[in-house]
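Visitor: Please see the structure below; I have some questions.
The values are calculated or read from the model by the stated rules, or taken from the named source; none is laboratory data. Keep in mind that this is a model prediction, so the values were computed, not measured. Cβ sites come from the backbone with ideal geometry, for glycine too, and all protein chains shown count toward neighbours. Surface areas here come from the heavy atoms of the whole protein model, side chains and all, with no ligands, DNA or RNA. Shrake-Rupley method; radii C 1.70, N 1.55, O 1.52, S 1.80 Å.
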Amino acid sequence: MGKPAGRRIVVAVVAVLAVAAAAAVILRVLAPAEVETVARGAYPAAPTPPVGVIGRLPVAPLVVDGRLRVYAGARQVYADQPVSGKHRVTPFWSYRRWPAKLVGVLAEGTTVVSRWSDGKLVALDARTGRVAWRADGPEPGDVPKPRRTHAATVWDPAGLHVTRAADGRAVLVAAGPGAVGGYALADGRRLWRAEVARGCRADVGTTAAGELLGVDSCAGPATIEFRDAATGAVRTRWRPPDAPEQLVVTPLGCRDGHSACRGLRTSGRGDETGRGWLVPGAGDPVAAAVLDGPDTELDGEHAVVIAGGVVTGRSARTGAELWRRADLGPVRILAVEPGRVHLLTEARELVTVDPTTGAERSRFALDIGRDGIGWQPGRAHAAGGYVAVERLRERARPDDDDQGYFLMAEPVLLAAT
């Protein structure tokens with residue numbers, strides 16, 4: 001016997017409702033979405049932590065305004081505080097997007113800019129975590145998958161730079177395959193957009209004079225392009241004398257990441273050395289032989305050079321020696337920030353010196369608890385007197401998985417200098 005008509009209707013209605021409910025769940029899960037979790041507490045004061053190692057973290061921190069630590073996840077940018085905390089704690093604020101992936105984070109003052117795989121640029125107010133503005137930027141193209149610390153995402157965001165125009169305005173530049181654009185950092189207003197060739201051009205940073213640096217090999221040997229970051233107009237194209245056809249450009253003396261740089265080094269692919277140049281506000285770059293070697297960094301008009309275990313400070317323009325330190329033994333430059341050069345000794349001591357005089361600002365063992373010093377440094381970053389560094393296993397190789405690459409579950413040390 002068949003089911004009564006009334007019962008068949010009830011069953012059909014239930015089935016339709018079940019399908020509708022499932023569709024609603026799928027829509028909620030799969031539909032593009034963003035979740036803004038703002039700060040519930042007051043913006044913290046800037047602490048003055050004692051000199052030394054503060055703590056260890058599982059992911060790389062971007063120190064913002066001397067008050068917060070900002071982190072990246074696959075689909076999230078978030079902050080915790082205090083900046084001097086020993087461990088990562090519950091987020092002070094958080095911002096998530098889905099299904100786009102986070103590909104870069106940059107901070108300027110109290111503005112934190114996040115860049116996403118769909119090209120969206122989203123600026124957050126660091127004091128509250130609220131969205132300050134959104135803009136459509138060039139899609140970033142293929143960005144290498146970050147390791148679990150997301151250090152590349154927050155310390156070296158691909159195609160995302162900031163500089164200041166001649167009138168003092170902060171300008172954000174976003175570059176991707178086929179397009180590049182400039183945006184007012186204050187409100188996200190697009191200032192310009194330029195379509196560029198794909199596959200034969202790359203942007204490498206911005207200068208302190210307000211220009212975007214790019215390398216263009218589309219119409220012949222590679223040439224360095226200087227583009228006004230506020231207008232998008234190309235000021236000049238320049239090729240170093242006797243430069244190799246495949247030109248590699250490394251920015252030097254940058255204020256943060258590859259932003260607001262005062263110099264550069266040009267070389268061929270596979271070259272360990274190159275030629276150093278200062279980047280003036282106008283005209284072509286000026287040769288600076290003191291910047292030729294790979295173990296050299298720039299802070300304003302001062303170069304710090306390591307050779308034969310000796311650290312020297314020199315005039316970037318003349319090469320004249322200003323100071324000398326031969327008491328540190330084998331040493332490497334770990335990170336540079338305005339007014340500070342952070343050196344790492346063979347015994348894993350972090351020595352911070354003034355690039356102008358060579359005077360020692362601080363010195364301590366880069367160690368915590370019983371972790372020891374049996375590690376090699378990975379990526380490192382410095383801002384506002386804070387230094388963060390990844391610790392890798394002594395025999396780690398670039399193709400190792402994260403388990404074999406990093407020293408432990410919390411591989412990042414944060415220190416105050």
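Visitor: Going through the range 115-131 one residue at a time, which ones are touching a Phe, Trp or Tyr at 6+ places or on another chain (Cβ under 9 Å) and either open to solvent by 40 Å² or more (accessible area, probe 1.4 Å) or of a type in the set (Gly, Ala, Ser) (or both)?
Guide: Ala123, Ala126, Arg127, Thr128, Gly129, Arg130, listed by residue number.
Visitor: Separate question: Which of the residues that make up the range 132-147 are open to solvent by 30 Å² or more (accessible area, probe 1.4 Å) and either farther than 30 Å from Arg397 by Cα or β-branched (Val, Ile, Thr) (or both)? First the steps, then the outcome.
Guide: So in the range 132-147, the residues open to solvent by 30 Å² or more (accessible area, probe 1.4 Å) come out as 132, 134, 136, 139, 141-147.
Selection gives Ala132, Arg134, Asp136, Glu139, Val143.
Visitor: Within the range 206-217, work out how many residues are out of contact with any Cys (no Cβ under 8 Å at 6 or more places or on another chain) and open to solvent by 30 Å² or more (accessible area, probe 1.4 Å). Walk me through it before giving the result.
Guide: Within the range 206-217, the first condition is being out of contact with any Cys (no Cβ under 8 Å at 6 or more places or on another chain), and the residues that meet it are 209-212, 214-215.
Remaining after also requiring open to solvent by 30 Å² or more (accessible area, probe 1.4 Å): 209.
Number satisfying all stated conditions: 1.
Visitor: Assuming Leu264 fulfils every condition listed in (1) modelled with pLDDT of 95 or more; (2) part of a loop (DSSP other than H, G, I, E, B); (3) closer than 20 Å to Val290 by Cα; (4) not polar (S, T, N, Q) apart from one, which condition is it?
Guide: (2)
Visitor: Among the residues of the range 98-114, is any modelled with pLDDT of 95 or more, of a type in the set (Phe, Trp, Tyr) and open to solvent by less than 20 Å² (accessible area, probe 1.4 Å)?
Guide: First, pick out the residues of the range 98-114 that are modelled with pLDDT of 95 or more: 98-114.
Pick out the ones that are also of a type in the set (Phe, Trp, Tyr) and you get 98.
Cutting the leftovers down to open to solvent by less than 20 Å² (accessible area, probe 1.4 Å) gives us none.
Within the range 98-114 (the criterion being modelled with pLDDT of 95 or more, of a type in the set (Phe, Trp, Tyr) and open to solvent by less than 20 Å² (accessible area, probe 1.4 Å)), the answer is no, since none of the residues qualifies.
Visitor: Would a scan of the range 148-162 turn up a residue that is basic (Lys, Arg), surrounded by fewer than 18 Cβ atoms within 10 Å (Cβ to Cβ) and touching a residue at least 24 places away in the same chain (Cβ under 8 Å)? Show your work before the answer.
Guide: Pass one, the range 148-162, residues basic (Lys, Arg): 148.
In the following step, the residues that additionally are surrounded by fewer than 18 Cβ atoms within 10 Å (Cβ to Cβ) were identified as 148.
Pick out the ones that are also touching a residue at least 24 places away in the same chain (Cβ under 8 Å) and you get 148.
Yes, there is a match, as at least one residue in the range 148-162 is basic (Lys, Arg), surrounded by fewer than 18 Cβ atoms within 10 Å (Cβ to Cβ) and touching a residue at least 24 places away in the same chain (Cβ under 8 Å).
Visitor: Follow-up. Hey, among Asp187, Asp203, which residue is open to solvent by 50 Å² or more (accessible area, probe 1.4 Å), within 30 Å of Arg134 (Cβ to Cβ) and of a type outside the set (Lys, Arg)?
Guide: On the way: Asp203 fails: open to solvent by 50 Å² or more (accessible area, probe 1.4 Å).
Answer to the selection: Asp187.
Visitor: Could you check how many residues of the range 110-147 are touching a residue at least 60 places away in the same chain (Cβ under 8 Å) and among the acidic types (Asp, Glu)?
Guide: 0
Visitor: Now, a different point. Within the range 241-261, how many residues turn out to be in contact (Cβ under 8 Å) with a residue 40 or more places away in the chain, more than 22 Å from Thr153 (Cβ to Cβ) and assigned to a loop (DSSP other than H, G, I, E, B)?
Guide: Count: 1.
Visitor: Which residues, counting only those in the range 61-70, are closer than 25 Å to Tyr405 by Cα and out of contact with any Asp or Glu (no Cβ under 7 Å at 6 or more places or on another chain)? So that I can check it myself, show each step before the final result.
Guide: Residues of the range 61-70 that are closer than 25 Å to Tyr405 by Cα, as a first pass: 61-63, 69-70.
Correct list: Pro61, Leu62, Val63, Val70.
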